[in-house]
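These notes are about the structure you will find just below.
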Amino acid sequence: MTKKMLFSTVALMAMSGVALAQDSELTVFDYSGFEEPGYHQPYIDQHGASPSFVFFGDEDEAFQRLVSGFKSDVTHICAGSVPRWQESGIIEPWDQNRIAAFDNLDASLVGQDVLAGTSELFFLPTDYGTTAITYNTEEVTAEQVASLQVFTDPAFAGRLSIPDNVDDAYALAYLATGVTDWTKATDAEFEAATEWLRSIHENLRTYWTDPAELGQLMASGEVLVAWAWNEVPVALADEGFPVGFERNTVEGTSVWLCGYVNMVDAPGSEDKAYDYVNAMQSEVSAQPLLDGGFGTANSAALAALGAGTLEANGLGEVTVPVLAQLPISNDRREAQAEAFVRIKSGF
């Protein structure tokens, strides 16, 4: 997914496309906000400065810039984009032997094929989050959000919202129609998910585009129930808003995953590229990432934070099926994107 790192403090630099240059031997192409030093402090300790960062708005923009000739050393994307990038020839595999935390990567996020060494490691997971039901606990009961079918309930018409993001939208729709592994979804299951999304369109107040927007909609009372990332209820709770985050809906819950890809013909230092991703996956980066709303893909480092800390940040254990937003075929991804555009337009 094109997550989702919208940090107002770097908005002006993001508009220009380039952060203040630091280590010129490594260029990281990323969402604004991920230049936060705490996320890669071991790299700074080792090399005396952060890498140079260049920012993009979404992964389609990043892809178009790269295939048009822009050069970076590593790029931050989400799992759903990997097949397209791999087929384009602009990325190459990581050397698993040079990934310090490789043995601790969460199998449920990257897939057993990668962990077993039976496929090349084109995508190195570093950060993840959850998408689930966020709701106003003063006006909505826990029973009303026990199922994802709350989005079809006419009693909440005009008071619901889901992300303006095709991956999150289809994660919701697949779960609501009985699919917990979208990598194996049939054509019929895709059509059923699409029809379910179409059925809830008229019930929605809006398709939200960033966490701050959704927070305002919920704080004002315009939206009572939303399909939202885990940082949204945490932020609302910090402001004293009566908010719940229901991940144990009967149909299941969703996890999104992002990480870094290794660029072909990169102009900078390959050694520093490994130093950077190892820093992102290090134990000392786990808490700063969590403070920013992200879990680390390093399961040992995540566990060290404690179950209570994870639960408080919307990343605790669940008792229901989990749909991991892992890579899917280009054809299916394009079909979902096209259908989502039509649904949002009322067709």
- List, in order, the whole-Hz ³J(HN,Hα) value for each residue of the range 229-234 obtained from phi through the Karplus relation with A = 6.51, B = -1.76, C = 1.60 and θ = phi - 60°; use x for Gly and Pro. 6, 5, 6, 5, x, 5
- Task: Take every Cα pair under 8 Å in the chain that's 6+ residues apart, average their separations, divide by the length, and report that relative contact order as a whole percent.
- Result: 28 percent
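Full extension from GLU283 to ALA312: what is 0.36 nm times the residue separation minus their Cα-Cα distance, to one decimal in nm?
On the way: separation 29, 0.36 × 29 = 10.44 nm, distance 1.92 nm.
Here the answer is 8.5 nm.
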- Item | Evaluated at q = 0.08, 0.12, 0.14 Å⁻¹: base-10 log I(q)/I(0), Debye formula over Cα of the chain | -0.37, -0.85, -1.17
- Query: Using the reciprocal of the averaged 1/r over all distinct C-alpha pairs, how large is the Kirkwood radius of the range 131-262 in Å?
  - Reply: 14.9 Å
- Residue-normalised accessible area of the chain, given per residue in Å² at a 1.4 Å probe: 40 Å²
- Note on the structure: Ordered by number, the GluC sites (Glu not before Pro) in the range 168-257 that occupy a DSSP loop and have at most 16 other Cβ atoms within 10 Å are GLU222, GLU239
- Task: Quick one: dipole size for the range 285-347, taken about the Cα centre, charges +1 on Lys/Arg Cβ and -1 on Asp/Glu Cβ, in debye to the nearest 20.
- Result: 240 debye
- What number of lysine-lysine pairs in the chain show an alpha-carbon separation below 30 angstrom, given a sequence spacing of 8 or more or placement on distinct chains? 10
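So what is the calculated 222 nm ellipticity per residue for the chain, using -39500 (n - 2.57) for each DSSP H run with n of 4 or more, over all residues, to the nearest 500 deg cm²/dmol? Before the final figure, lay out each step's value.
Numbers: 15 runs with 122 residues, N = 347.
-9500 deg cm²/dmol, from helical runs alone.
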- Task: Show the residues, 5+ positions off or on another chain, whose built amide H is closer than 5 Å to the amide H of LEU121.
- Result: TRP94
- Task: Could I have the simple spin-label model distance between HIS201 and ALA142, label points 7 Å from Cα toward Cβ, reported in nm to one decimal?
- Result: 3.6 nm
- Ignoring ligands, DNA and RNA, what percent of the accessible area of the chain is carbon or sulfur (1.4 Å)? 50 percent
- Task: Give the residue from THR75, GLN22, TRP208 lying farthest towards the positive end of the charge dipole for the chain; charges sit on Cβ (+1 for Lys and Arg, -1 for Asp and Glu) and the dipole is referred to the Cα centre.
- Result: TRP208
- Message: Let me spell out the model: positive unit charges on the Cβ of Lys and Arg, negative unit charges on the Cβ of Asp and Glu, origin at the Cα centre of the range 226-313. What dipole size does that give, in debye rounded to 20?
- Response: 120 debye
- Item | Estimated vicinal HN-Hα couplings, Hz - the range 55-64 in sequence order (Karplus 6.51, -1.76, 1.60; Gly, Pro = x) | 9, 10, x, 8, 6, 5, 4, 4, 4, 5
- Note on the structure: Between ALA100 and SER329, the FRET efficiency computed from the C-beta separation at R0 = 30 Å comes out, to the nearest 0.05, as 0.40
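Just need the Rg to Rh number for the range 31-81, please, alpha carbons only, Kirkwood Rh. It would help to have the intermediate numbers written out before the result.
Details: Rg = 12.5 Å, Rh = 12.3 Å.
Across the range 31-81, the Cα-based Rg/Rh ratio is 1.01.
In debye, nearest 20: dipole of the chain around its Cα centre with unit charges on the Cβ of K, R (+) and D, E (-)?
Working: 16 positive and 51 negative charges, 88 e Å.
It works out to roughly 420 debye.
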- Task: Between the alpha-carbon centers of the range 44-66 and the range 315-340, tell me the distance in whole angstrom.
- Result: 25 Å
- Message: Please list log₁₀ I(q)/I(0) at q = 0.19 Å⁻¹ for the range 280-339, using the Debye equation with identical point scatterers on the alpha-carbon positions.
- Response: -0.76
- Which of LEU315, LEU66, LEU214 moves the most in a Gaussian network model of the chain with Cα springs under 10 Å? LEU66
- Note on the structure: Sorted by chain and then number, the residues having a modelled amide H within less than 5 Å of the amide H of THR137, at least 5 places away or on another chain, are VAL243, GLY244
- Message: Using only the alpha-carbon atoms, how far is helix 187-200 inclined from the longest principal axis of the chain? Give it as 0 to 90 degrees, nearest 10.
- Response: 60 degrees
- With springs only between Cα atoms under 10 Å, which of PHE122, PHE156, PHE70 fluctuates most in a Gaussian network model of the chain? PHE70
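The values are calculated or read from the model by the stated rules, or taken from the named source; none is laboratory data. These numbers were taken from a predicted model, which means no experiment stands behind them. As a convention, Cβ positions derive from the backbone with ideal geometry for all residues, glycine included, and neighbour counts pool all protein chains shown. The area values use the complete protein model at the heavy-atom level, side chains included, leaving out ligands, DNA and RNA. Shrake-Rupley method; radii C 1.70, N 1.55, O 1.52, S 1.80 Å.
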